[in-house]
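Down below is the structure, laid out as structure tokens.
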Amino acid sequence: MTTRTNGKEELGKRYVYKIIYSIMEKGKEKGEIKQSLSLKYCVDLFMACMTGVYLHWCIYGGEYELEPFAMNIARNLYSIIKA
């Protein structure tokens with residue numbers, strides 16, 4: 001087991017996590033994300049929401065358009081984490 005010391009190392013080789021982490025890191029640096037929230041928490045929250053969206057869509061057999069539903073969830077999430 002590898003000991004990890006910061007958020008970026010903890011993300012390992014998970015490419016999507018790295019992309020989302022980078023985007024949120026830039027947003028945090030610009031003051032667009034609450035300073036009280038860790039980047040890891042924000043990335044984990046986003047990924048959990050998007051995983052849930054995809055799972056929900058699969059359970060419902062793709063009966064609705066995935067992109068508008070996912071975008072609505074992402075907008076709601078942003079309203080929670082924005083500074």
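What follows draws every value from the coordinates through simple rules; no lab data is involved. On a predicted model such as this, the values are computed, not experimentally measured, just so you know. Reconstructed Cβ throughout: ideal geometry from the backbone, glycine too, with neighbour counts over all protein chains shown.
Output wanted: per-residue J couplings in Hz (rounded whole) for segment 67-82, from phi through Karplus 6.51 cos²θ - 1.76 cosθ + 1.60, θ = phi - 60°, x for Gly and Pro.
Computed from phi, the couplings for segment 67-82 are 4, x, 5, 5, 5, 5, 4, 4, 5, 5, 4, 4, 5, 7, 9, 5 Hz.
For a footprinting-style exposure proxy, rank 71, 24 by other Cβ within 10 Å, fewest first.
With the sparsest Cβ surroundings first, the list reads 71, 24.
As a footprinting exposure proxy, order 66, 39, 77, 55 by other Cβ within 10 Å, with the fewest listed first.
Ascending number of Cβ neighbours within 10 Å: 55, 66, 77, 39.
Which distance in nm do the two modelled labels at residue 15 and residue 59 give, with both placed 7 Å along the Cα-to-Cβ direction?
With each label point 7 Å from Cα toward Cβ, the separation is 2.9 nm.
Can you list residues whose amide H is under 5 Å from residue 33's amide H, if they're 5+ apart or on another chain and H is modeled 1.01 Å from N?
Excluding prolines and chain starts, which carry no amide H, the hits are 28, 83.
Tell me, in nm to one decimal, what length is gained between residue 23 and residue 37 on full extension, where the rule is 0.36 nm per residue of separation less the Cα-Cα distance?
3.6 nm
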